[in-house]
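**Student:** The structure that follows is given in the form of structure tokens.
The values are calculated or read from the model by the stated rules, or taken from the named source; none is laboratory data. Everything numeric here is computed off the predicted structure, so don't read it as measured data. Cβ: placed from backbone, ideal geometry, glycine included. Neighbour counts: every protein chain shown.
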Amino acid sequence: MSERRSGTKTRQERIAAYKQVLRACLEERPSGARQKIARVLGTHRSFVTQITNPADPTPIPPRHVPVILELVHASQSERERFVAAYAEAHPKKPLHEQFDRTRLKTVHLEIPMLGDPAAQRALEELIRETVLRLVAIARMQAGDTTSDESGEKKS
């Protein structure tokens, strides 16, 4: 039996549901929000347009969700609606439980543009991984043992 006949939403409809929440947040913000998200994520504006378009089946990568919600200044109720819809769309890829309780601080770094796109991606990924490890160390120093270096909850 198809998803339609059984009364449940299709995968695309579930993805569209959380993208609609995000799009509503973006529409309330000044122009340039997509460009700002693209800059902070280190991607192109077209990628941001793609992942915020409810008609596009491309899901939003879970690692981008906290940053995006922070940059669009999503209210607590908007965050809760988004997280609930995201969990329904991606039950096997849960968002970190703590992200919506922890405010994020965005720090912009200027790094050199390398001539090789693969080397550029590798450098940017190394920076992201290093920051995650530094955050884990800082949390340990502060006595917060609720997550490991990847942000995953410890059991």
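**Student:** Tell me which residues, restricted to the range 49-83, are within 14 Å of the chain's Cα centre (by Cα) and of a type in the set (A, V, I, L, M).
**Tutor:** Scanning the range 49-83 gives Ile51, Ile60, Val65, Val67, Ile68, Leu69, Leu71, Val72, Ala74, Val83.
**Student:** Ok, one more. Which residue pairs have Cβ atoms closer than 9 Å, lie 6 or more positions apart in sequence or on different chains, and pair a first residue in the range 124-135 that is under 13 Å from Leu114 (Cβ atoms) with a second residue that is of a type in the set (Gly, Ala, Ser)?
**Tutor:** Glu124/Gly42
**Student:** Can you tell me which residue is surrounded by the fewest Cβ atoms within 10 Å (Cβ to Cβ) among those in the range 16-44 that are modelled with pLDDT under 85 and under 17 Å from Phe82 (Cβ atoms)?
**Tutor:** The extreme case among them is Arg29.
**Student:** Just a yes or no: is a residue in the range 43-66 closer than 15 Å to Thr106 by Cβ, touching a residue at least 40 places away in the same chain (Cβ under 8 Å) and among the aliphatic types (A, V, I, L, M)?
**Tutor:** Within the range 43-66, none of the residues are closer than 15 Å to Thr106 by Cβ, touching a residue at least 40 places away in the same chain (Cβ under 8 Å) and among the aliphatic types (A, V, I, L, M).
**Student:** Taking Thr106 as meeting all but one of (1) modelled with pLDDT under 85; (2) among the β-branched types (Val, Ile, Thr); (3) surrounded by 15 or more Cβ atoms within 10 Å (Cβ to Cβ), write down the number of the exception.
**Tutor:** All conditions pass for Thr106, except number (3).
**Student:** Taking the range 45-81 only, how many residues are crowded, with 19+ Cβ neighbours inside 10 Å and part of a loop (DSSP other than H, G, I, E, B)?
**Tutor:** Going through the range 45-81 one residue at a time, the tally reaches 4.
**Student:** Something else now. Sort out which residues of the range 104-120 are over 18 Å from the mean Cα position of the chain (by Cα) and either under 23 Å from Glu70 (Cβ atoms) or assigned to a loop (DSSP other than H, G, I, E, B) (or both), and write them in order of number. Steps first, please.
**Tutor:** So the first thing to find is which residues in the range 104-120 are over 18 Å from the mean Cα position of the chain (by Cα), and the list is 109-120.
Across the range 104-120, the qualifying residues are Leu109, Glu110, Ile111, Pro112, Met113, Leu114, Gly115, Asp116.
**Student:** Pairs needed: first member in the range 22-39, without any contact (Cβ under 8 Å) to a residue 40 or more places away in the chain; second member anywhere, part of a loop (DSSP other than H, G, I, E, B) and surrounded by fewer than 16 Cβ atoms within 10 Å (Cβ to Cβ); C-beta distance under 6 Å; at least 6 residues apart or different chains.
**Tutor:** Ala38/His44
**Student:** Is it the case that Thr10 is farther than 30 Å from Pro117 by Cα, surrounded by fewer than 16 Cβ atoms within 10 Å (Cβ to Cβ) and at pLDDT 90 or above? Give the derivation first.
**Tutor:** Values: farther than 30 Å from Pro117 by Cα: yes; surrounded by fewer than 16 Cβ atoms within 10 Å (Cβ to Cβ): yes; at pLDDT 90 or above: yes.
When the stated conditions are applied, Thr10 passes them.
**Student:** In this structure, does Lys93 turn out to be basic (Lys, Arg) and surrounded by fewer than 12 Cβ atoms within 10 Å (Cβ to Cβ)? Walk me through how you get there before you give the answer.
**Tutor:** On the way: basic (Lys, Arg): yes; surrounded by fewer than 12 Cβ atoms within 10 Å (Cβ to Cβ): yes.
When the stated conditions are applied, Lys93 passes them.
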